[in-house]
Each structure stands twice: as structure tokens, then as C-alpha cells.
Amino acid sequence: MHVRLPSILLFVQLPLIVLGLWLFAPYGFSVQEAPDSLGYRQYPLWDPVRALSDFRSFGYPLFLTLIQKSLGNLNILPWLQIAAHLLACVLFWGALRAVEMTPWRRLLLTLPLLYGPLFLHFYPFVLTETLTFTALITVIAALLWTLGRPRSWLAWIALGLATFAAYQIRPAALFVVPFSLVGFALWRWILAPSQEVSWKLWLQRWALCVLAPLLLFVGARWALVGHVGLVSFTGVQLSGVALPMLRADDIPQMPTELQSLAQALFERGQKDQLQFHCAIPDAGPVCPSEHFRQERKPLVNPIGADGQMDFDLWERTIPVWNFRVGYHGALLFLKDRLKVDGALSKLSLAIFQHHPDLYGQWVMGQTQRALGFLFKSWPLLIALIAGIGLWMIAQVKNACGDPPYAVRLLLFWSLLASALFLLGLLLNVLVTFAIPRYVHLYAALLPMPFLLLAHDAWRRLFIK
């Protein structure tokens, strides 16, 4: 019974979570729209060229289309997103058995994913947050499966499919591609240095199952629409960072082919533009579409004459810089939608080369915002993670020969959580704002070292 108790505790929580959402969640099980929802609903899924030229990837629109075609509406969407999340958590819990985790450790590691804020906040919304989080959990589960059974082709295929689904649901989840490679390196180094599977075999299968689908998709997009990348949005997103850095005296120093576009966008940024804002002061993680307002105000540059950045102003106006100044300005100038993203990418990189100090200040500022958000949300957790590091160093120094398994396990999960966070953070801060709903995704594993430490401390203190 003692062995079965963790499994019972896990599965009892699943219906209780659904009941809790029904009784206490502000939106219940009704579908909620946000300003970004329309882009997923109107995605040109059945036109390959238009679809591959879109800002969005096809994963979430395909999910919505399958529901719409099957049932005629999206009323069941919250239920499906809840079910997918709970199933992914169960798969993660089961995958921990493949790496020989004890039942209580498996339960503790599953809990922070089961109650992840992206799931609890976004499950009823027509947005990618919940399904991306679900896909990330599935990627980690498949990774654990491959670590425990590295010769299983089924495990490798599952890892490849889960990885492909993650970045097709949301391109910002592209960090899952290198993450699985880092996970294997940590596993071999810390927990399984004597594992018989060679690096060569692992790299070959990773390249075939994880990297090859990405390269094939990118190659197909290049052949069909002449654009390299997952979506035609990188340049648009970068323009929201770069265009406020553009100054009039930069333009003559830019490459000749970019000067006219730079001049057109600089002048457009000087004009009055629509400002977007939420009519609810405390809207929570997302503003419902019926409360999303726009009004005409002068567009104020968030970078002052002294180079100081007003990140709060920048965050409020970045949709204007991205779309009205960047995308629509470039579209009016180039008259060709397919050329816009590439042109904005080149212009943004040229601006960053002219102002490396400002871009460096941006990257550092966004990194500080992400870390500040973590300290504000989980101050005790951050302090305990620092304590974990000191405790592990002490344990390793005191150990004769190899460190104890509990220490090596704690080190593995600490470094795995840190790797996920750093890979996601890097992809985030280089191109856009580090806002809570982005940070929550790549911070998903950070509570786990603390839970493992608590488990080990409990056993030392109370279980003789």
C-alpha cells in the first residue's frame, strides 16, 4: 500500500482539479477569446503558400480546425486543453519510471507541472499557452523515456513528434530542440556515465528524429515561399526592438539597399499612431478581446535622448512598433508581403550593429525583468535553489569516491531545470519582451530541485 499511495494521490487529484476549475476558476469552462485569437481562427490552413507565409505556425490552427470541423464550434476547447494537459502530466509521471525514480519522487516532480500557472490561467483561452505547456511536458516525458531506453526507436519517434508539435504550436518553443541534447549530456555526465549507448548513436538518432524534421520543414518553407525560418515573423518581432533605436543620422551609414526602407519607417514612427491598451486595470495574464481598446495618441519613443530605456512604455507600445510602424510600413513600401519579414530582419540587424550598446542594454534589461519576475513570484524558491547549490557542494566534498545518488539526482534536475530556463530565456530576450507568460514556460522545471531536496530532508529526518 505504501508503494501504491503516491500513484493513488496523483490520480485522485485529476478529477479534483477539474472540479476546482469548475467551482473556482473565473471563466469556468466557457471559451475565452483574446486579441491574438483571431489570428489562429483565420489561419489559411488549406492554402500551403499562404499558410507557410503567415505569422503563425500551423499547429494550433490545425488543432482548432479539427475541433471546429468535428463539432461545429469550439465549446469543447477548454475541456480538451484540460484533458491534454492532464494526460501529458500522467505521461511525465510514467516516464519517470523509465529512469528508475522512486514513487514519491515521481509524484513530487509531477506536481509543479500538474498545477502549472500557464495551465491554470489559460486553459479556456483560444491561445497557444496551455497547449505549448502541454507539449513541453510531453517533450520532457519523451526525453526521459529515451534516457531510460536509449535503444528504443519508439521512444525516439515520440521525442521527435513531441518536439515537432511543440514548435509548430508555438515557434517560441524552438528551444526544445537543443534542450533534449543538453538533457542527454547531463544524464550521461551525472547519472549514467557507464551507460553502454555511445555518444555517436545518441547523436545520430537525435539528428534523425529531432533535428531532421526541423530542417526539412524549414527547407520546404524556403522552397515554397522563399523564406528561411519557422514562420515569417522574426523580422516583424525584431522591428519592435530595433525601430525605437533608429536615429536619423544612422540612415546614411546603412547599406544602400536598406536606406530608403529605414527612412520610410523612421518617418512613420514620428507620426501619431494607434495605441493599444486594456480597459481593465488588473486584467490578469491576458486581456479579453471585448476589453481591448485602441485610441490615437502620439507615439513616444521609449528610448530617451540620454539612452535610458522606459521598458514599461516600450511594453505598452511594442504592438505599434511591430505592426503599424514595422510590418505595415514595410508592406506599404515594398508592396510584397513575402519580402516584408526578411527586409525587417536585415534592417533590424543593421540597427543593432549601429547601436550594440542599446541592444546590449535591451538584452540585459529583459534578462533582469525575467529574473526579477522569478524573484517576485518565487522568492523562497530562489533562495532555496541557492541553498541547494551550497548543500550539493558540501555533500560532494564530504563524499568518498562518487557522490551519493541523491546528490547526483539533485544535481541532474538542478542543471536540467537551469538549461531549460537559460535556453528559453536566450530565445526570448533576443527578440521580444520577457513577460510572465513567456517566462513561466521555460521556468517550468525550476521548482523540482527544491522538491527533491525536501524529499531527501524528510527521509533523513523522519524515516530511519
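Set the Cα radius of gyration of the range 1-104 against 2.2 N^0.38 Å, with N its number of residues, and you get 1.44.
Projected over all directions and averaged, the alpha-carbon convex hull of the range 156-206 occupies 3.7 nm². Residue separation times 0.36 nm, minus the C-alpha to C-alpha distance between Leu87 and Gln68: what's the value? That pair, Leu87 and Gln68, stretches by 4.7 nm at full extension.
For the listed residue pairs Lys346/Lys376; Lys271/Lys335; Lys271/Lys346, the alpha carbons are over 27 angstrom apart in Lys346/Lys376.
Residues whose amide H comes within less than 5 Å of that of Phe125, counting only those at least five positions distant or on another chain, are Gln32 (H built at 1.01 Å from N in the peptide plane).
Below 8 Å, C-alpha to C-alpha, sequence gap of six or more: please give me the relative contact order for the chain in percent. Relative contact order comes out at 17 percent.
Dividing the radius of gyration of the alpha carbons in the range 86-202 by their Kirkwood radius gives 0.98 for Rg/Rh. Radius of gyration over Kirkwood radius for the chain, both on Cα atoms: the Rg/Rh ratio is 0.98.
Taking the Cα centre of the chain as reference, the dipole from Cβ charges on Lys and Arg (+1) and Asp and Glu (-1) amounts to some 1300 debye. Calculated from DSSP H runs of 4 or more alone, at -39500 (n - 2.57) each and per residue, what is the 222 nm mean residue ellipticity of the chain, nearest 500? It lands at -21000 deg cm²/dmol. Per residue, the Cα convex hull of the range 62-109 amounts to 81 Å³. Between the residues Thr146, Gln263, Pro78, the greatest Cα displacement towards the positive end of the dipole of the chain, with unit charges on the Cβ of Lys, Arg, Asp and Glu, is found for Thr146. By Kyte-Doolittle mean hydropathy of at least 0.5 and Cα axial length of at least 20 Å, which whole DSSP H helices of the chain are selected? In the chain, the long hydrophobic H runs are 5-24, 77-98, 129-148, 153-169, 379-398, 405-429. Oblate is the label for the range 1-213, because a/c, from the alpha-carbon gyration tensor with a ≥ b ≥ c as root eigenvalues, is 1.5 or above and a/b does not exceed b/c.
Counting 0.36 nm for each residue step from Lys200 to Gln308 and taking away their Cα separation leaves a gain of 34.0 nm.
Each value in this text was obtained by applying a stated rule to the coordinates, not by laboratory testing. As the structure is a prediction and not an experimental result, all values here were calculated from the model. Using ideal geometry, Cβ is built from the backbone for each residue, glycine included, and neighbour counts are taken over all protein chains shown.
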